[in-house]
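The values are calculated or read from the model by the stated rules, or taken from the named source; none is laboratory data. These numbers were taken from a predicted model, which means no experiment stands behind them. Please note: Cβ atoms are built from the backbone with ideal geometry, for glycine as well, and neighbour counts cover all protein chains shown.
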Amino acid sequence: MAKVTTLAEKIDALLPQTQCTKCGYDGCMPYAEAIANNGAAINRCPPGGDEGIAALAALLDQAIVPLDPECGAHIPHRVAMIDEAACIGCAKCLKPCPTDAIIGANKFMHTAIASLCTGCELCIPPCPVDCITMVEDKNFPALPNVDIARERFHLHTFRLIRDSQERIDALADKERAVLYDQHAPR
Ligand code: SF4
Ligand code: SF4
Ligand code: SF4
């Protein structure tokens, strides 16, 4: 059976997949759903800029409007750079990164992979030592491929849910073991 593509999926296909939340939604698909289902404005995505607005306007048969400045400005693509000498290896930047573009382990320095970085800036606020900056990189002047970025975001989300469920299961096992100890016949 042919796959049914919803309007939200068609809109999502035109969004840059940085998952930066600058549109005011929790990511590209939530914004796409808000446009498709609740009539959200098409001019709220700074990474997509004028080109993205024009593509959405064509899809939805709407007029082209300027980017809403309240969401931010459209700037050239930048990638995260970690000052590895300053990094304390706390790993707090790993979880927020939608494409798992940061590698490193607890207590070891971390590195951002420029080719996978969407420039979302979500890794910056959690860093306790402010050692992440956004820089233009002539080798990676444009956003990563949207299909790869979307796929990596889905895998990232799946992993977070799975890890959280594993923690809940481990806690439940521990509680069951304590109860068993308390009530086991002596
Ligand atoms: S790229 Fe950022 S601003 Fe644009 S739709 Fe995705 S989350 Fe929203
Ligand atoms: S490294 Fe930082 S800026 Fe780059 S995609 Fe990950 S969270 Fe976003
Ligand atoms: S949050 Fe900052 S200090 Fe911690 S691992 Fe990431 S880059 Fe290093």
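Listed here are the residues, each with its yes/no results for (1) of a type in the set (A, V, I, L, M); (2) touching an Asp or Glu at 6+ places or on another chain (Cβ under 8 Å).
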{"site": "ASN106", "(1), (2)": "no, no"}
{"site": "LEU116", "(1), (2)": "yes, yes"}
{"site": "PRO125", "(1), (2)": "no, no"}
{"site": "PRO128", "(1), (2)": "no, no"}
{"site": "GLU136", "(1), (2)": "no, no"}
{"site": "ARG162", "(1), (2)": "no, no"}
{"site": "ALA172", "(1), (2)": "yes, no"}
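Only one entry of ALA13, ALA32, ALA58, ALA54 meets the criterion of being farther than 27 Å from ASP137 by Cα, more than 8 Å from ligand 1 (Cβ to nearest atom) and outside the structural domain of GLY119 (by TED's automatic domain parsing), and that entry is ALA58. Restricting CYS127, CYS131, CYS123 to those that are within 16 Å of ligand 1 (Cβ to nearest atom), surrounded by 12 or more Cβ atoms within 10 Å (Cβ to Cβ) and at negative phi reduces the list to CYS123.
Got a number for residues in the stretch 58-76 being under 27 Å from GLU121 (Cα atoms) and of a type outside the set (D, E, K, R)? Residues flagged as under 27 Å from GLU121 (Cα atoms) and of a type outside the set (D, E, K, R) within the stretch 58-76 amount to 10. Select, from GLY72, GLY24, the only residue that is more than 29 Å from ARG162 (Cα to Cα) and more than 13 Å from ligand 2 (Cβ to nearest atom). Being more than 29 Å from ARG162 (Cα to Cα) and more than 13 Å from ligand 2 (Cβ to nearest atom) holds for just one of GLY72, GLY24, which is GLY72.
Scanning the stretch 71-110 for residues that are of a type in the set (A, V, I, L, M), closer than 30 Å to GLY48 by Cβ and either in contact with a Lys or Arg (Cβ under 9 Å, 6 or more places away or on another chain) or without any contact (Cβ under 8 Å) to a residue 40 or more places away in the chain (or both) yields ALA73, ILE75, LEU94, ALA101, ILE102, ILE103. Within the stretch 27-36, identify whether any single residue is part of a loop (DSSP other than H, G, I, E, B) and under 21 Å from THR99 (Cα atoms), and answer yes or no. The answer is yes; a qualifying residue exists.
The residue that is farthest from ligand 3 (Cβ to nearest atom), among those in the stretch 68-83 that are in contact with a Cys (Cβ under 8 Å, 6 or more places away or on another chain) and not in a helix (DSSP H, G or I), is VAL79. Out of curiosity, is THR5 under 21 Å from the mean Cα position of the chain (by Cα) and assigned to a loop (DSSP other than H, G, I, E, B)? No, not satisfied. Taking the numbered list (1) exposed (fewer than 15 other Cβ atoms within 10 Å of the Cβ); (2) more than 9 Å from ligand 3 (Cβ to nearest atom); (3) assigned by TED's automatic domain parsing to the domain that holds ASN139 in turn, THR99 passes all entries but (1).
For the stretch 137-144, does any single residue satisfy the condition of being modelled with pLDDT of 95 or more, acidic (Asp, Glu), closer than 26 Å to GLY49 by Cβ and surrounded by 10 or more Cβ atoms within 10 Å (Cβ to Cβ)? There is at least one residue in the stretch 137-144 that is modelled with pLDDT of 95 or more, acidic (Asp, Glu), closer than 26 Å to GLY49 by Cβ and surrounded by 10 or more Cβ atoms within 10 Å (Cβ to Cβ). If you filter the stretch 96-108 down to residues that are in a loop (DSSP other than H, G, I, E, B) and at pLDDT 95 or above, you find that the one that is farthest from ligand 1 (Cβ to nearest atom) is ASP100.
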